[in-house]
Structures are given as structure tokens and as C-alpha cells.
Amino acid sequence: MIIQISLVTEISASENEFYFLYKGKFFSILKRTQSNPIYGDFSFYCYPKWNDNLDQLVKIASSLDADDIMMIDAHEQFLDPSEKNLFKDLYSSIKNKFFGVDDFFDDLLNN
């Protein structure tokens, strides 16, 4: 795993992309609904200069004004074949945390 999921403090979703705050920095992970031969199924973005809140990032990043946001992108197709599952695993972990899957099963199994 490329991040420690317990350090993700906020998550917001917009369609098939999850935006999150990790160690005070803003990121997102996108899962394409249709495979893209150039970029692959997943892309990971970081927003190093973003200084507003997560909801505002989601609002602007999912609009036509997204070109106004400085971001760094990484795409699944450009990863070494041995690292192909990194973005898939990250997407699943963020999605599970967003929907509270781990907490649900912890409560279910511990009660």
C-alpha cells in the first residue's frame, strides 16, 4: 500500500473519483468506467498547492474549471508491471473507508 489508510482524515466522492486528505495534503484516486489504453483503469492525483477545503477541491476539480488547479498526475499504464495493483488497492481502501466497510465488519464481529 502506498499510504497508511488510518492517516486519511477526510474523504469525499464525485462519481468514480475519491478525494482525500492525507497528512494534511490533498489527493484523489480515479477509477475509469471504461478502460483507457493510454492511462489504464486508475489515475492518482496530488494537489500540492491546494489550500482550501476538500469540498471546494471536489467542486472545482469535477467542473470545467479543473485546468485552474495545479496537480500532479500518475497513471496506471505508466507503472512498472509489478506495481499495477497499487492504484487498484488504494482505490479499494479509500472506497472502503469512505463507506465505513471496515468499521461495519469490526462492529459486526466484535458485538
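Report yes if some residue within the range 24-47 is among the hydrophobic types (A, V, I, L, M, F, W, C), over 12 Å from residue 94 (Cα atoms), within 14 Å of the chain's Cα centre (by Cα) and at pLDDT below 90; otherwise report no.
no
Can you pull out the strands (runs of 3 or more DSSP E) entirely within the range 1-78 that have at least 2 residues that are aromatic (Phe, Trp, Tyr)?
17-22, 25-31, 42-47
Looking only at the range 27-59, count every residue that is over 23 Å from residue 4 (Cβ atoms), buried (at least 17 other Cβ atoms within 10 Å of the Cβ) and β-branched (Val, Ile, Thr) and tell me the total.
Number of matching residues: 0.
Find the residue count for the range 13-26, including only residues that are surrounded by 16 or more Cβ atoms within 10 Å (Cβ to Cβ) and of a type in the set (D, E, K, R).
The total comes to 1.
The values are calculated or read from the model by the stated rules, or taken from the named source; none is laboratory data. Predicted model, so just to flag it, every value in this text is computed and none were measured. Every residue, glycine among them, receives a Cβ derived from its backbone with ideal geometry; neighbour counts consider all protein chains shown.
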